[in-house]
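Trainee: Dropping the structure in here first, questions after.
The values are calculated or read from the model by the stated rules, or taken from the named source; none is laboratory data. Because the structure is predicted, anything quoted here is derived from the model rather than measured. Cβ coordinates were reconstructed from backbone atoms using ideal geometry, including for glycine residues, and neighbour counts include every protein chain displayed. In case anyone asks, the SASA skips ligands and DNA or RNA and just uses the protein heavy atoms, side chains included. Shrake-Rupley method; radii C 1.70, N 1.55, O 1.52, S 1.80 Å.
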Number of protein chains: 4
Amino acid sequence: MLIHIGYELIFDVPAPVSMLLMLYTHPEQAHVLQKPQRLITEPKVKVDDFKDWFGNRAARLVAPAGKFRIYYDNVAADSGLKEATIHGARLHPVDELPKDILKYLLASRYCEVDRMLDTAWGLFGHTPATWQRVQAVMDWVHTNVTFGYEFARPTKTAYDVFVERKGVCRDFMHMAITLLRALNIPARYATGYLGDIGVPPAPFPMDFSAWFEVYLGHRWYTLDARHNEPRIGRVLQARGRDACDVALTTSFGTARLEKFTVWTEEVKP
Amino acid sequence: MLIHIGYELIFDVPAPVSMLLMLYTHPEQAHVLQKPQRLITEPKVKVDDFKDWFGNRAARLVAPAGKFRIYYDNVAADSGLKEATIHGARLHPVDELPKDILKYLLASRYCEVDRMLDTAWGLFGHTPATWQRVQAVMDWVHTNVTFGYEFARPTKTAYDVFVERKGVCRDFMHMAITLLRALNIPARYATGYLGDIGVPPAPFPMDFSAWFEVYLGHRWYTLDARHNEPRIGRVLQARGRDACDVALTTSFGTARLEKFTVWTEEVKP
Amino acid sequence: MLIHIGYELIFDVPAPVSMLLMLYTHPEQAHVLQKPQRLITEPKVKVDDFKDWFGNRAARLVAPAGKFRIYYDNVAADSGLKEATIHGARLHPVDELPKDILKYLLASRYCEVDRMLDTAWGLFGHTPATWQRVQAVMDWVHTNVTFGYEFARPTKTAYDVFVERKGVCRDFMHMAITLLRALNIPARYATGYLGDIGVPPAPFPMDFSAWFEVYLGHRWYTLDARHNEPRIGRVLQARGRDACDVALTTSFGTARLEKFTVWTEEVKP
Amino acid sequence: MLIHIGYELIFDVPAPVSMLLMLYTHPEQAHVLQKPQRLITEPKVKVDDFKDWFGNRAARLVAPAGKFRIYYDNVAADSGLKEATIHGARLHPVDELPKDILKYLLASRYCEVDRMLDTAWGLFGHTPATWQRVQAVMDWVHTNVTFGYEFARPTKTAYDVFVERKGVCRDFMHMAITLLRALNIPARYATGYLGDIGVPPAPFPMDFSAWFEVYLGHRWYTLDARHNEPRIGRVLQARGRDACDVALTTSFGTARLEKFTVWTEEVKP
């Protein structure tokens, strides 16, 4: 299966501003892309590419004053199969985890693990210390948090979500990630494209999607606390400890987003 | 000058627990150490060493139930000179920074840069966009935050410090780091040994010290928002985005610290 | 499409020996695997997992004296499509390359770039400075090196291949990588599974395969100087500067390989 | 003690050429520098800084056609003490080594460990498996290789040195590193400033110096197979697997070095 992906962003920039972008398809999906990776900007500026410490392909540029457009388009090959489930996968004790993964047990900007330890063990300490504990966290978040775009705010943390019980997909993931880390289960945040392949079309305009990954059975599994079911056709853009590490754009000064369009759909033969 | 450094920690452990330790002298100081680096534990357990993603030498072990002691002793060579000052060093615009340093502009667990942007620019936007802006932040934190061990709590963030205006050395540093990052100046947290060399003896028992580093003139400078003056004889243990990344010990379960002694003093010839 | 992959290795070990293994499916393919990643050993020993500095999942273990067996089995999802071609992709000047990629321009153990500069420019300096230069190198290696298992030897370098004009797949790749780097084009070595999907069955027993990647159009493309045509169904195991970085097994002492079986074939519905 | 360091390089450049420079003082010595780190070029060009994968501070630039000058000057604080000796330090078995260090056991461009295994064990297999084995390798190289600038050539490998028994400091280090790795002892190459502090003045013009590091007692020790005695006042510039990783300058095209001056001397009070 081929999936058409891309986006267009238009900013209004009052004065030249440095921006950090997390807008490439993830390097580890390079081999499934059908075209070179290229960020197109209008006006044309130098796009300074680099790999960040999570392995994401990031870019830095200086947006000039005025309208500033960023555009990307590609086609990704995909197996067309649903993603693997965690059913039966081994939950590792901490002393068995690869050490480069220990960082995904710690607190981060939007995941205050240190404040949720008692809550996590209170809610899930009685569940089996297996993959079923992960499923229990997923089910709890899926059931107890209400989705709504009107609940989004940029500084919202997992603890806020726990108190308010409302949020967007990023908030569902922060909540699940924080509970899992508190239970000594490595979890990380991911963002990318997810279309409606195999499910009814969503009633909102397309947007980038958030999901997360959990380390079980000596590999990372893709999970989604909002949808809580395996999906087809995710295309990864970036991963980090939480949304702070993988903001699509970080402006070191003012840049107002005026237009934002994302596309991700199966290429029909 | 030779500086004698080390510590002893004793934990009471109710059941075997995995621990992550940030208790080695930093690898980049290996060449000034007079002895091999060794964590001694009683009872003796396997100490599983690794370099974390910040370049710190960390260790993982499983502490057995009962009393558990960790001990370290070494001697570091030092120039005996005061650390360099930032006076005159160039403040880099964001587009000029090495890209591996951009992560030190972002928010982290205890440094909510996203919540302090307006405050930082309100307080310091009028200062010269030079090293003097860094000095102004230092002076402000030094003047406006009151030191006291009774103000310490593990979940305290920079925003909390801003509201409460009280804290321990870690809080001074989080406050300064957060303001600096909000001003687009890379800053990172550091922890290690700092004795009384060249200053009057402190009236408290010795402890590990926190300080921070700021990137100016294409290098990192050591700064200390609590003392706000150049010192002699810091020995670095670990660096990270904030205290969360460099906790001396992180226990994945219960371990009560019962005794804690740190030493750092000049070896008299 | 689902591809069944795995292997069995049996060693004869005269005395306990530390081994470094590069035998997991690459972490970036974790999301297409249908099962957890697990190395099974007989006798059972502690397998100490880690991510190496190239991003590969490696493992260290101590093989006990006697027969020692390592076994792996999994199923990978694949799009079933041929890999993308370099046709039309942009060749970057050195000053435009992401800096983490510059290391793939330098010499390494089996790729003596420093000894092949004049040769490379003599042979290919007249070709267009586009993706066609890469194709010209591929075609030259494909045409001028003769394949044969009898030509394999572990210390054989690209320079040796240039002189002898004979080798196995690893040698084809070292030759191409070295010429490309000499021409300032980043290239890296890869190893993994490649079955006969879409091509006539090979007349030899299955083995791991080597291929390489080249950086064009701001992404890595998969190329294969031995077969010199796009293939279906490669499953990546490890990448590095050359074969030295990704040896399947490195023994720090004696371990004789007695049996070696690899499987990789389409799972028929 | 304060040490004055720096250099001046002048190239003749026939056509604009990309260069990779390893000419900053190592980031881990930033805290002992008295001045900002700055590469000055004439004509002035954009110097694009980055940290390479070994932790060195590297730079990339495009040298314009004509005379091109690179200049650096700084002052480093130093304890004035001789470097620590390996006497008594623990030799680690491979399964005890931190995993990020295993790469320093493998072969690299100028260190053909795979070709020297039998030789290394033949020469040193009978020595005690302690720090004395390291000393034995040092002594052997120091005794059996003859120093002379006329023996330098850029493609010379450890195996070549073993055959020819002649070389410059880089060759002494490659020989020792290769033998040590073959004996399963981690060793890495280093380059930087080394003046005549505490020893008779050398009869040649100053140059950068090479040395190496060996991992014993859970830390890296500085060793020097050419001088074979502890020294005072080394200032580190870069480290890598061998000289290939830390070439002072790598030109991706033609750049003729016309003038080369290095200074490193104690600042007299």
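Trainee: Which lysines have a Cα lying under 16 Å from the Cα of A:LYS166, excluding residues fewer than 8 positions away in the same chain?
Mentor: Within the straight-line limit of under 16 Å, A:LYS166 reaches these lysines: A:LYS156.
Trainee: Using a label position 7 Å from Cα in the Cα→Cβ direction, what is the ascending list of nm distances from C:ILE40 to the same site in the other copies?
Mentor: For C:ILE40, the other copies' label points sit at 4.6, 5.1, 6.8 nm, shortest first.
Trainee: Between the chain alone and the structure with every protein chain in place, find the residues of segment B:43-63 that drop at least 20 Å² of accessible area; heavy atoms, 1.4 Å probe.
Mentor: B:LYS46, B:ASP48, B:ASP49, B:PHE50, B:LYS51, B:TRP53, B:ARG57, B:ARG60, B:VAL62
Trainee: A:GLY198 label points, 7 Å along Cα→Cβ, one per copy: pairwise distances from this copy to the rest in nm, shortest first?
Mentor: From this label point to the equivalent ones elsewhere in the assembly: 2.2, 6.4, 6.7 nm.
Trainee: Same structure again: Working from Cα positions, state the angle (0 to 90°, nearest 10) between the long axis of helix B:131-144 and the longest principal axis of chain B.
Mentor: 60
Trainee: On a C-alpha basis, how far is the centre of segment C:110-187 from the centre of segment D:75-123 in Å? Whole number, if you could?
Mentor: That distance is 32 Å.
Trainee: Let me ask another. Total Å² of accessible surface buried at the C-D contact, 1.4 Å probe, nearest 100?
Mentor: Values: alone 12570 and 12560 Å², together 22120 Å².
What C and D bury together is about 3000 Å².
Trainee: How many percent of DSSP beta bridges within the protein assembly as shown run antiparallel, rounded to 5? All intermediate terms of the calculation are to be shown ahead of the outcome.
Mentor: Details: 220 of 228 bridges.
Within the protein assembly as shown, antiparallel bridges account for around 95 percent of the total.
Trainee: Using a 7 Å offset from the Cα along the Cα-to-Cβ direction at both C:ASP73 and A:THR127, what is the distance between the two label points in nm, to one decimal?
Mentor: Going from the C:ASP73 label point to the A:THR127 one covers 3.0 nm.
Trainee: Let me ask something else about it. Using the heavy atoms of the protein chains alone and a 1.4 angstrom probe, what is the accessible area of chain C per residue in square angstrom?
Mentor: Numbers: 9740 Å² over 269 residues.
That works out to 36 Å² for each residue.
Trainee: How far, in whole Å, is the nearest Cβ of chain A from the axis relating it by rotation to chain C, and which residue carries it?
Mentor: A:GLU28, 2
Trainee: Using the C-alpha atoms of the protein assembly as shown, what convex hull volume per residue, in cubic angstrom, is computed? Kindly include the intermediate steps, with their values, before the conclusion.
Mentor: Working: hull volume 187.9 nm³, N = 1076.
It comes to 175 Å³ per residue, whole-number rounded.
Trainee: A 31 angstrom limit on the alpha carbon distance is what I want to check against. Which of A:LYS99/B:LYS103; B:LYS35/C:LYS67; B:LYS99/D:LYS44; A:LYS268/C:LYS268; C:LYS259/D:LYS103; A:LYS103/B:LYS35 exceed it? Write out the running numbers ahead of the final one.
Mentor: Details: A:LYS99/B:LYS103 21 Å; B:LYS35/C:LYS67 41 Å; B:LYS99/D:LYS44 21 Å; A:LYS268/C:LYS268 24 Å; C:LYS259/D:LYS103 27 Å; A:LYS103/B:LYS35 29 Å.
In this structure, B:LYS35/C:LYS67 exceed 31 Å between Cα atoms.
Trainee: Take C:PHE204 and C:ASN144, extend 7 Å from each Cα along the Cα→Cβ direction, and tell me the distance between the two endpoints in nm.
Mentor: 2.2
Trainee: Which residues, if any, in segment A:234-263 have at least 20 Å² less accessible area in the whole protein complex than in the isolated chain, probe 1.4 Å?
Mentor: Residues of segment A:234-263 that lose at least 20 Å² of accessible area once the other chains are added: A:ARG241, A:CYS244, A:ASP245, A:PHE252.
Trainee: With all protein chains present and a 1.4 Å probe, how do C:LEU106, D:LEU257, A:LEU179 order by accessible area, largest first? Spell out each step's value before the answer.
Mentor: On the way: C:LEU106 25, D:LEU257 90, A:LEU179 0 Å².
Of C:LEU106, D:LEU257, A:LEU179, the descending order of accessible area is D:LEU257, C:LEU106, A:LEU179.
Trainee: Is it possible to state the helix-based mean residue ellipticity at 222 nm for chain B, with each DSSP H run of 4+ residues giving -39500 (n - 2.57), the sum divided by total residues, to the nearest 500 deg cm²/dmol? What is it?
Mentor: Rounded to the nearest 500, it is -5500 deg cm²/dmol.
Trainee: Carbon and sulfur atoms: what percent of the 1.4 Å accessible area of the protein assembly as shown do they account for?
Mentor: Working: 21280 of 38920 Å².
Its accessible area is 55 percent carbon and sulfur atoms.
Trainee: Find every distance from the label point of A:THR85 to the corresponding label point in the other copies (7 Å from Cα along Cα→Cβ) and write them in nm, one decimal, shortest first.
Mentor: Counterpart label points of A:THR85 in the remaining copies fall at 4.2, 6.7, 6.7 nm.
Trainee: In percent, what relative contact order does chain C have, based on Cα pairs under 8 Å that are 6 or more apart in sequence? List each step's numbers first, then the result.
Mentor: Numbers: 570 pairs, mean separation 82.2, N = 269.
It rounds to 31 percent for chain C.
Trainee: Another question, then. If you place +1 on the Cβ of every Lys and Arg and -1 on the Cβ of every Asp and Glu, how big does the dipole about the Cα centre of the protein assembly as shown come out, in debye to the nearest 20?
Mentor: On the way: 128 positive and 124 negative charges, 0 e Å.
In debye, rounded to 20, the protein assembly as shown gives about 0.
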